[in-house]
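Remarks on the structure that follows.
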Amino acid sequence: MDHPNWGVPEVAEGSSGIVAVKMGHPLLGNSVCNDLSMEKNSGILLITGSNMSGKSTLLRTIGINLVLAYAGAPVCAQRFGCPILRIYTCMRVSDNLGESISSFYAELLRIKLIVSASKTEGKIFFLLDEIFKGTNSQDRHAGAKVLIRQLSKVGAMGLVSTHDLELGDLERESDRRIRNYHFREYYKNDEIHFDYKLRPGISTTRNAMYLIKMAGIEVDEIF
């Protein structure tokens with residue numbers, strides 16, 4: 001057997017949530033494993049963290065393991081249980097010059113599909129990666145808040161990655177139906193490092209200015 005540590009998923013129609021123990025990305029040889037628990041009454045996780053910390057990889061990890069589970073294959077996890085859900089994603093959306101569709105409008109079309117499915121199909125699972133990143137910060141924050149609240153109201157389950165730390169207020173406002181998790185980085189010998197471990201709560205670190213400096217841009221000239 002190529003992957004003796006992989007587990008047999010438990011897929012049950014009546015299951016109320018998703019439970020993953022030591023879940024990793026099946027296509028990464030050095031994948032860092034994380035535990036994940038999502039109950040039906042708190043089925044939306046807001047994932048914050050700095051650049052390159054692991055947010056998008058986590059979304060892909062849970063998504064591909066769900067696909068493996070529904071296909072009847074082993075999953076990259078010690079334990080993995082889930083209900084039967086329809087999977088929808090809004091990740092790596094691109095523009096279409098031939099149809100005069102910007103990347104932002106293409107994202108809106110994908111989100112429209114997810115919202116419609118949440119109302120008509122009932123049990124769905126969504127993955128939203130950096131939603132509304134193609135617009136200004138004020139509209140992005142307001143739009144994301146309205147969307148996440150709406151998906152939570154209809155009982156949809158899913159993960160949302162974002163750099164907008166203000167969205168962390170949704171956990172308190174929703175009485176923890178929406179929950180905050182984050183990744184962080186650390187510095188050693190003036191170098192940036194990541195442990196890719198998922199932690200509860202909102203992100204407390206940022207690294208954009210450090211990365212800008214690494215790119216050779218004089219940070220003092222920005223201000």
Compute the signed sum of charges (Lys and Arg +1, Asp and Glu -1) over the other residues within less than 11 Å, Cβ to Cβ, of residue 153.
+3
Quick one: 3J(HN,Hα) in Hz for segment 121-137, Karplus 6.51/-1.76/1.60 with θ = phi - 60°, rounded, Gly and Pro as x.
9, x, 7, 10, 10, 10, 10, 10, 9, 6, 5, 6, 5, x, 10, 5, 5
Which number do you get for Rg(Cα) / (2.2 N^0.38 Å) in segment 1-88?
1.06
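If you wrap a convex hull around the Cα atoms of segment 53-115, how much volume per residue is inside, in Å³? Display every interim value, and only then the final one.
Numbers: hull volume 7.7 nm³, N = 63.
Here the figure is 122 Å³ per residue.
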Measuring from a point 7 Å past the Cα of residue 40 along Cα-to-C-beta, which residues in segment 155-180 have an amide N at less than 14 Å?
155-157
In whole angstrom, note down how far apart the Cα centers of segment 167-202 and segment 33-105 are.
17
Env charge @ residue 91, Cβ radius under 12 Å, K,R +1 / D,E -1, value +2
The chain, Gaussian network, Cα under 10 Å: of 65, 96, 180, the residue fluctuating most is 96
5 Å is the cut-off here: which amide hydrogens, built 1.01 Å from N in the peptide plane, fall below it relative to residue 7, excluding neighbours closer than 5 in sequence?
75, 77
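When the helices in the chain are scored as -39500 (n - 2.57) per DSSP H run of 4 or longer and the sum is shared across all residues, what 222 nm value do you end up with, to the nearest 500 deg cm²/dmol? Walk me through the numbers before you get to the answer.
On the way: 5 runs with 63 residues, N = 223.
That comes out to -9000 deg cm²/dmol.
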Of all DSSP beta bridges with both partners in segment 10-216, the antiparallel percent, nearest 5, is 40
Whole-Hz Karplus couplings 3J(HN,Hα) for segment 78-90, θ = phi - 60° and coefficients 6.51, -1.76, 1.60, Gly and Pro as x, run 5, 9, 8, x, 7, x, 7, 10, 8, 9, 10, 10, 9
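Run through every distinct alpha carbon pair of the chain and return the Kirkwood hydrodynamic radius in angstroms, one decimal place.
18.6
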Would you calculate the separation in nanometres between label points at residue 94 and residue 27, each defined as 7 Å from the Cα along the Cα-to-beta-carbon direction?
1.5
What is the sum of charges around residue 66, taking Lys and Arg as +1, Asp and Glu as -1, for the other residues whose C-beta is under 12 Å from the C-beta of residue 66?
+2
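Every read-out reported here was derived from the displayed coordinates using simple, explicitly stated rules and does not represent laboratory data. Since we're looking at a predicted model, the values are computed, not measured. So basically every Cβ, Gly included, is an ideal-geometry build from the backbone, and we count neighbours across all protein chains shown.
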